[in-house]
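Colleague: Please read through the structure below; I'll follow up with questions.
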Amino acid sequence: MTINQGSTVIYIDAADAQEKLTPNVKAEASKRILALMPEWRQRNVIADLSSDNADTKAAAVTAWAAVTAIRTKSNEAEASIASMSDEQIINFDASDDAHWND
């Protein structure tokens, strides 16, 4: 079974679509994580997760939960590709907020 757009074969099958679209999802997740928290801040938050100061640690847990939420949505979007209809696969846009919102 091929996934076509008109007479052009876009993907061989859903597994091929998932393999080719997953990097787009990962790139979008990375973009969203970095917009939320630059790498330098991520390193600080990770360090703060081990803090002996309860307030510092609590703030880090809260901040890191936002990153984890994006990673979870990324995993869900990647997994959902395999069960999408041909039309959904052809129209898939990893940057669509619908993939990232609750």
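Colleague: Being under 18 Å from Pro23 (Cβ atoms), over 13 Å from the mean Cα position of the chain (by Cα) and in a loop (DSSP other than H, G, I, E, B) is the filter here; which residues of segment 84-95 pass it?
Modeller: Met84, Asn91, Phe92
Colleague: Hey, among Ala27, Ala54, Ala15, Ala35, which residue is surrounded by fewer than 15 Cβ atoms within 10 Å (Cβ to Cβ), more than 24 Å from Asp97 (Cβ to Cβ), modelled with pLDDT of 95 or more and of a type in the set (Gly, Ala, Ser)?
Modeller: Of the residues listed, the single one that is surrounded by fewer than 15 Cβ atoms within 10 Å (Cβ to Cβ), more than 24 Å from Asp97 (Cβ to Cβ), modelled with pLDDT of 95 or more and of a type in the set (Gly, Ala, Ser) is Ala54.
Colleague: Further question: Within segment 79-90, how many residues are touching a residue at least 40 places away in the same chain (Cβ under 8 Å) and of a type in the set (D, E, K, R)? Outline the logic, then answer.
Modeller: Narrowing segment 79-90 to residues touching a residue at least 40 places away in the same chain (Cβ under 8 Å): 81-84, 86, 89-90.
Filter again for of a type in the set (D, E, K, R), leaving 86.
Adding up the residues that qualify gives 1.
Colleague: What are the pairs, 6+ residues apart or on separate chains, where a residue within segment 59-78 that is under 16 Å from Glu28 (Cβ atoms) has its Cβ under 6 Å from a residue that is assigned to a helix (DSSP H, G or I) and of a type in the set (Ser, Thr, Tyr)?
Modeller: Cβ pairs passing all conditions: Glu78/Thr22.
Colleague: Return yes when Asp102 is without any contact (Cβ under 8 Å) to a residue 12 or more places away in the chain, part of a loop (DSSP other than H, G, I, E, B) and more than 14 Å from the chain's Cα centre (by Cα) and no when it is not.
Modeller: Criteria not met by Asp102.
Colleague: I've got another one for you. Which of the residues belonging to segment 51-83 are within 14 Å of Lys20 (Cα to Cα) and of a type outside the set (Gly, Ala, Ser)? Steps first, please.
Modeller: The initial filter retains those residues of segment 51-83 that are within 14 Å of Lys20 (Cα to Cα), namely 77-82.
Result: Glu78, Ile81.
Colleague: With respect to Gln42, is the statement that it is surrounded by 13 or more Cβ atoms within 10 Å (Cβ to Cβ) and at pLDDT below 95 true?
Modeller: Details: surrounded by 13 or more Cβ atoms within 10 Å (Cβ to Cβ): yes; at pLDDT below 95: no.
Here the answer is no, as Gln42 does not meet what is asked.
The values are calculated or read from the model by the stated rules, or taken from the named source; none is laboratory data. Just so we're clear, the structure is a prediction, and the values are computed from it rather than from any experiment. Virtual Cβ from ideal backbone geometry, glycine too; neighbours counted across all protein chains shown.
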